[in-house]
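Each remark here refers to the structure printed beneath this line.
Every read-out reported here was derived from the displayed coordinates using simple, explicitly stated rules and does not represent laboratory data. Just so you know, these numbers come straight off a predicted model, no measurement behind them. All Cβ positions, glycine included, derive from the backbone under ideal geometry; neighbour counts span all protein chains shown.
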Amino acid sequence: MKYVIMFTSTPELDAAVPPERAEQVYRRVYDWFGTHADQISDSGAELQPVTTATTVTHGGDTPVVADGPFSEAKEVIGGFSVMDVEDLDAAIAIVKTWPMLELPGTSVEIRPMVVDYSHMEQ
């Protein structure tokens, strides 16, 4: 089963982590991707800071473009990856070892991917 895992954090809490600690944990992220290379079907993608985001949203007759994320959430998505594992339990087991979870305000969202569009065929 394929899942997208989205790595989120809270910028204010990230800023409070001592740089040495953040670097130590971040180095382990590379090891984590290596350890789980057989289950991760892409090389992952780290996103630029949320301050670089642009959002296009419904605006009536024409879409509206706005600077920044169109979200009231305090957390931001910092990156994502695709994993191919047996089931949700396997995905959870791997995600629980994500090194950044040691830092406050960090989470990983796991979401199954739609891979079968046969119901849309006519």
With a point put 7 Å past each Cα toward its Cβ, work out how far Gln48 is from Asp31 in nm, to one decimal. 3.2
Could you give the distance between the Cα centres of segment 77-99 and segment 1-38, to the whole Å? 12
Which log10 I(q)/I(0) values, to two decimals, does segment 2-114 give at q = 0.10, 0.13, 0.23 Å⁻¹ under the Debye formula with one point per Cα? -0.35, -0.57, -1.32
What FRET efficiency comes out for the pair Val115/His58, r = Cβ-Cβ distance, R0 = 25 Å, nearest 0.05? 0.40
Here segment 107-119 yields Karplus 3J(HN,Hα) values (6.51, -1.76, 1.60; θ = phi - 60°; whole Hz; Gly and Pro given as x) of 8, 10, 8, 10, 9, x, 8, 7, 10, 10, 9, 4, 5
What nm value, rounded to one decimal, do you get for the distance between Gln39 and Asp89 when each label is placed 7 Å out toward the C-beta? 1.3
In the chain, with Lys and Arg counted as +1 and Asp and Glu as -1 at Cβ, which of these residues, Thr57, Ala16, His36, has the Cα nearest the positive end of the dipole, that is, farthest along it? Ala16
Which residues' amide hydrogens lie under 5 Å from the amide hydrogen of Ile40, considering only partners 5 or more residues apart or on another chain, with H built in the peptide plane? Asp84
Measuring from its Cα centre, the chain shows a charge dipole (+1 at each Lys and Arg Cβ, -1 at each Asp and Glu Cβ) which, in debye to the nearest 20, is 260
Please give, to one decimal in nm, the separation of the simple spin-label points placed at Asp67 and Val4, each 7 Å out from Cα toward the Cβ. 2.6
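Restrict the search to segment 51-122; then list the chymotrypsin sites (Phe, Trp or Tyr not before Pro) that DSSP places in a loop and that have at most 13 other Cβ atoms within 10 Å of their Cβ. Show your work: numbers first, answer last.
Numbers: sites: Phe70, Phe80, Tyr117; in loops: Phe70, Tyr117.
Those satisfying the criteria are Phe70, Tyr117.
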Can you compute 3J(HN,Hα) from phi for each residue in segment 7-14, using the Karplus curve 6.51 cos²θ - 1.76 cosθ + 1.60 with θ = phi - 60°, rounded to whole Hz and x for Gly and Pro? 8, 10, 8, 10, x, 5, 6, 4
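Give me Val50, Val64, Val115 sorted ascending by neighbouring Cβ count inside 10 Å, so fewest comes first. Each step should come with its number before you reach the end.
Numbers: Val50 15, Val64 11, Val115 8.
Listed from fewest to most nearby Cβ atoms, that is Val115, Val64, Val50.
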